[in-house]
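> Sharing a structure with you now.
Just so you know, all these numbers are worked out from the coordinates, no wet-lab data involved. It should be emphasised that the depicted structure is a prediction, and the values quoted were computed from it without experimental measurement. Neighbour counts run over all protein chains shown; Cβ positions are idealised from the backbone, glycine included.
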């Protein structure tokens, strides 16, 4: 099986490692200095899903699609930051004759990424993956998996044929990255939105691991308001998740979800510490925009978005 991993960040390297381990032909696209680091060092994975070393000759890495002579793939896995979605969708569309008609699977955070890709591709080609795994990158070629809460769920937001993704899910699982297809990826993504919109920005603002946020009545009150606003917005927009109410989710969040990832540090915090743009626009910012479209008030999500934007303004 031939797979293109577009983006050599933590998620992309985790996918690439597992797919190489299960015997697939993998190409990665990224920019310098990541390209050189991967060509020289290969891929190193450590953490809760095991330790692996992939040699440089076991995969290929490029700085653009132009460098790939045979670009027909069985799957394209997009592992880029959400704010790059439209740019990369346009790049892939510019090479549409080169890449063929394979499924494009978005392994991205937040809400609204698929909408950028369907501007350029038929809905039947676009799939989403929900990832509930925590990563850090100690080095450009090294991914450390700090927490793994659930298998990757892959499916279509647009009623597409998810069985086309079965071979990809099977190869990821065989390589040590559990994955499965689902008919309800929208519910999975909204469940992750609830989790991420509460923990990711607050963990970044206060520079604490997730577990600390659940120990203070002050931060719990903020998170509960975030949950209630998201549920109201989600339902007004015609979406749903696996929980019937905000209170139902809150009960599970504090009793089961938060304790299992209590030591994890926010990816948004990692972005801020590295002076990179965050994904706030696809998280709380996306909630605020969707709320506006449907006449819902989301003041807490709006404040959280503004706080992160202020931090970003000091370096972006």
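> What is the spin-label model distance, in nm, from residue 273 to residue 40 if the labels are put 7 Å beyond Cα along the C-beta direction?
Result for the modelled spin labels: 2.3 nm.
> Right, next: Using only the alpha-carbon atoms, how far is helix 284-293 inclined from the longest principal axis of the chain? Give it as 0 to 90 degrees, nearest 10.
Roughly 70 degrees, rounded to the nearest 10.
> With the radius of gyration and the Kirkwood radius both derived from the Cα set of the chain, what is their ratio Rg to Rh?
We get a ratio of 0.95 for the chain.
> For residue 119 and residue 256, what does the FRET efficiency come to when R0 = 45 Å and r is the distance between their Cβ atoms, rounded to the nearest 0.05?
Working from the Cβ atoms, E equals 0.75.
> Helix 85-94 versus the longest principal axis of the chain: what is the Cα-based angle in degrees, 0 to 90, to the nearest 10?
30
> Using only Cα atoms, what is the ratio of the radius of gyration of segment 43-98 to 2.2 N^0.38 Å?
The reported ratio for this selection is 1.43.
> Another one. Provide the gained length on full extension for the span residue 139 to residue 102, in nm with one decimal, where the gain is 0.36 nm per separating residue minus the Cα-Cα distance.
Length difference between fully extended and current span is 10.2 nm.
> For segment 187-313, how big is the tail of P(r) above 24 Å, as a whole percent of Cα pairs?
Beyond 24 Å sits 22 percent of the P(r) for segment 187-313.
> How far apart, in nm, are the 7 Å Cα→Cβ label points at residue 55 and residue 173?
Calculated label separation equals 3.0 nm.
> Considering only the chain, what is the antiparallel percent among its DSSP beta bridges, to the nearest 5?
DSSP beta bridges in the chain are roughly 30 percent antiparallel.
> Mind pulling up the Rg/Rh value for segment 1-149? Radius of gyration and Kirkwood radius, both on Cα.
Dividing the radius of gyration by the Kirkwood radius yields 0.94.
> Can you tell me the order of 94-100, 43-49 when each peptide is scored by its average per-residue count of other Cβ atoms within 10 angstrom, highest first?
43-49, 94-100
> Given a Förster distance of 41 angstrom, what is the FRET efficiency for residue 297 paired with residue 95, based on the Cβ-Cβ distance and rounded to 0.05?
Taking R0 as 41 Å, the efficiency between residue 297 and residue 95 is 0.45.
> Ok, one more. Which whole-angstrom value gives the distance between the alpha carbon centres of segment 85-140 and segment 1-45?
16
> Quick one: if you stick a label point 7 Å off each Cα along the C-beta vector at residue 180 and residue 236, how many nm between them?
3.5
> Treating the angle as unsigned and between 0 and 90°, give the value, to the nearest 10°, between the Cα long axis of helix 185-206 and the longest Cα principal axis of the chain.
The angle comes out at about 70 degrees.
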